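**Student:** For reference, the structure I am asking about is given below.
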Amino acid sequence: MALIVQKFGGTSVGSIERIEQVAEKVKKFREAGHDLVVVLSAMSGETNRLIDLARQISDQPEPRELDVVVSTGEQVTIGLLAMALIKRGIPAVSYTGNQVRILTDDAYNKARILQIDDQRLREDLKAGRVVVVAGFQGVDQNGNITTLGRGGSDTTGVALAAALKADECQIYTDVDGVYTTDPRVVAQAQRLDKITFEEMLEMASLGSKVLQIRAVEFAGKYNVPLRVLHSFQEGPGTLITIDEEETMEQPIISGIAFNRDEAKLTIRGVPDTPGVAFKILGPISAANIEVDMIVQNVSHDNTTDFTFTVHRNDYQKALGVLQATATEIGAREVVGDTKIAKVSIVGVGMRSHAGVASRMFEALAKESINIQMISTSEIKVSVVIEEKYLELAVRALHTAFDLDAAARQGE
Ligand code: ADP
Ligand code: ASP
Ligand code: MG
């Protein structure tokens, strides 16, 4: 008998039939003697619908009020699942983030969990009840509703598992595990039996939205055994593990992540003097804009070109700030590009293998895909390319690193 936290995503609770199916599944686990805390997302599409309603009132909805609106989706599903369980003779109770008391900071729309009061949950579990908790939401110390950022129910699940010292946190979704890349883009993508926290964190932060970044961070920090599984198909899923040794037999690259979330800005003909990078990026950071990749060209004629990427949502704002800087420091021009994509290869195997980056560049060259920017770390290489080549690049890299299902079966 174990204490298990199970999180079901939006498509898994996307209709009454699905909610009934989830209830059947939970019932089976309960009848096997496990204590269960179930965390739910809103029905698929619901959070988008709520955001859209808010945007019909205002382009930039008041963040506090937006959280009041978008947090309602999860309240519907938890009540429905609790009813479906009770109908099956399983004692169950649903709680919102406020009722559990998932205490967060007051950063509306992207709040961080600070503390979870697990007393009420423990009492319910002791009394034999299944506890159904709303994902994605919490409450700040003044009682305001907060939400944890898109995909935040994963983080609720992991945080509850950490607080309750659960035996496992199971993330149920519409794929049967973490794949070498998004299976919707590459049909030959393969499910991984295991992936390290470190790799999963890179995959998540580089664009693989199968798990929210903060959920992986949390699981790594508190060593929560975490597994991604299909909601309605049996299977082992993917275990996220701290043990690097266990995955050493895997290929050099564990996965390929990508995103279309960034935009590129270049300031040309900047007088090349000490402090130039600070003069350019200082005002950007003062405007609260996060910068991802940075490239400064070798100077010629005592001037240099400086390029960096920001989130696409911040593009217009960054462009304005950079144009003002250009005038101030006497740069020649500012240009921008929103039609870019970032593709990254990720794997702890890179630590012990040389030549990984050049193999990546060769594969892209063979497809005549131009690389605009490069950044590397110990376990990843990222490139920025033209957005229209994104899928081609991901497929080419998947093949070049022997990740294709057919290729590996034939090994
Ligand atoms: P949920 O609503 O259950 O939280 P998400 O849509 O957030 O589900 O996450 C599951 C989706 O993540 C899959 O349908 C898949 O398209 C996408 N995805 C992206 N990268 C990967 C990957 N490497 N492995 C598995 N799924 C991935
Ligand atoms: N419902 C929220 C979203 O769509 C949270 C989640 O599903 O994890 O982002
Ligand atoms: Mg999700």
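**Student:** Can you tell me the Rg and the Dmax, both Å, for the Cα atoms in the chain?
**Tutor:** Taking only Cα atoms of the chain, I get Rg and Dmax of 23.3, 79 Å.
**Student:** How much mean residue ellipticity at 222 nm does the chain get from its helices, if each DSSP H run of length 4 or more adds -39500 (n - 2.57) and you divide by all residues, to the nearest 500 deg cm²/dmol?
**Tutor:** -10500 deg cm²/dmol
**Student:** Consider a paramagnetic label point 7 Å from the Cα of residue 323 along Cα→Cβ; state which residues of segment 259-291 have an amide N under 14 Å from it.
**Tutor:** Output list for this probe position: 266.
**Student:** How far, in nm, would the chain grow between residue 48 and residue 273 when pulled straight, counting 0.36 nm per residue and subtracting the alpha carbon separation?
**Tutor:** My answer for the length gained is 76.3 nm.
**Student:** Let me ask another. Working with all protein chains in place, sort 360, 43 by solvent-accessible area computed with a 1.4 Å probe, largest first.
**Tutor:** So, going from the largest accessible area down, we get 43, 360.
**Student:** How would 238, 399 line up by accessible area, probe 1.4 Å, largest first?
**Tutor:** 399, 238
**Student:** Roll a 1.4 Å probe over the protein heavy atoms and report the accessible area of residue 307 in Å², nearest 10.
**Tutor:** 20 Å²
**Student:** So, taking all protein chains as they sit and a 1.4 Å probe, how much accessible area belongs to residue 17, in Å² rounded to tens?
**Tutor:** 120 Å²
**Student:** Now for a different question. What part of the accessible area of the chain, given as a whole %, is carbon or sulfur when the probe is 1.4 angstrom?
**Tutor:** Taking all protein chains in place, the chain shows 48 percent carbon and sulfur surface.
**Student:** For the chain, what proportion of DSSP beta bridges, expressed in % and rounded to the nearest 5, is antiparallel?
**Tutor:** Roughly 60 percent of the beta bridges in the chain run antiparallel, per DSSP.
**Student:** Highest mean first, what order results for 282-289, 79-86 on Cβ atoms within 10 Å?
**Tutor:** Listed from highest to lowest mean packing, they are 79-86, 282-289.
**Student:** Per residue and in cubic angstrom, what volume does the convex hull of the Cα atoms of segment 254-411 have?
**Tutor:** It is 130 Å³ per residue.
**Student:** What whole-number volume per residue, in cubic angstrom, does the convex hull of the C-alpha atoms of segment 1-104 give?
**Tutor:** 98 Å³
**Student:** Using a simple charge model, +1 on the beta-carbon of Lys and Arg, -1 on the beta-carbon of Asp and Glu, nothing else, what dipole does segment 1-73 show about its Cα centre, in debye to the nearest 20?
**Tutor:** So the magnitude is around 300 debye.
**Student:** On to the next question. Stick to the Cα atoms of segment 186-240, pair each with every other, and give me the Kirkwood hydrodynamic radius in Å at one decimal.
**Tutor:** By the Kirkwood definition, the hydrodynamic radius is 11.8 Å.
**Student:** Residue 211: accessible area at probe 1.4 Å, nearest 10 Å²?
**Tutor:** Surface open to solvent at residue 211 totals about 10 Å².
**Student:** Oh, and also: Considering only protein heavy atoms, with the full assembly of protein chains and a 1.4 angstrom probe, order 108, 172 by accessible area, largest first.
**Tutor:** From most accessible down to least: 108, 172.
**Student:** Taking the chain as the reference, fit the longest principal axis to its C-alpha atoms, fit the long axis of helix 315-329 to the helix C-alpha atoms, and give the angle between the two in degrees, 0 to 90, nearest 10.
**Tutor:** Tilt of helix 315-329: around 30 degrees.
The values are calculated or read from the model by the stated rules, or taken from the named source; none is laboratory data. These numbers were taken from a predicted model, which means no experiment stands behind them. Neighbour counts run over all protein chains shown; Cβ positions are idealised from the backbone, glycine included. Calculation scope for accessible area: heavy atoms of the full protein, side chains included, ligands and nucleic acids excluded. Shrake-Rupley method; radii C 1.70, N 1.55, O 1.52, S 1.80 Å.
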